[in-house]
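Values quoted throughout were computed directly from the atomic coordinates according to the rules given, and no laboratory measurement underlies them. The shown structure was predicted, so the numbers you read here are calculated from the model rather than taken from an experiment. Cβ sites come from the backbone with ideal geometry, for glycine too, and all protein chains shown count toward neighbours.
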Amino acid sequence: MLSQRLPLTAQQSVLGTADAFKKLAEGKVTFEQTLTGLTKGDNDVPATSGAAADTLAKITEQWKRSEPQVRQILLQQKTWWR
């Protein structure tokens, strides 16, 4: 669900929707925290292993390519409201 929400809020942010910037920033943090928790584990859940870990590795690689674009969109918030 998070992976679907990010592109939608990114698109809305690019169009200048003020609330979308906030949702995009929140979604980015939540996605990163969830991905890290699943990949490395946390206080409540151990790191994912086996075939699921392979899938998470692919998701992590895709995120490494997408995250700079999300960050760039978030930096544009300052431009929209000047």
Inter-label distance, nm, simple model (7 Å from Cα along the C-beta direction), Asp54/Thr34: 2.4 nm
Degrees separating the helix 51-75 axis from the principal Cα axis of the chain, which is the longest one: 20 degrees
Read-out volume of the Cα convex hull per residue in Å³, derived from the coordinates shown; its label in (i) 140; (ii) 88; (iii) 115: (ii)
With Cα atoms, 0 to 90° folded angle of helix 18-40 axis to the chain main axis: 10 degrees
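For the chain, calculate the relative contact order in percent as a whole number, restricting contacts to Cα pairs under 8 Å that are 6 or more residues apart.
Values: 56 pairs, mean separation 26.0, N = 82.
It comes to 32 percent, rounded to a whole number.
Dipole size in debye (nearest 20) for the chain around its Cα centre, Lys and Arg Cβ +1, Asp and Glu Cβ -1?
Values: 11 positive and 8 negative charges, 87 e Å.
With Lys and Arg at +1 and Asp and Glu at -1, about 420 debye.
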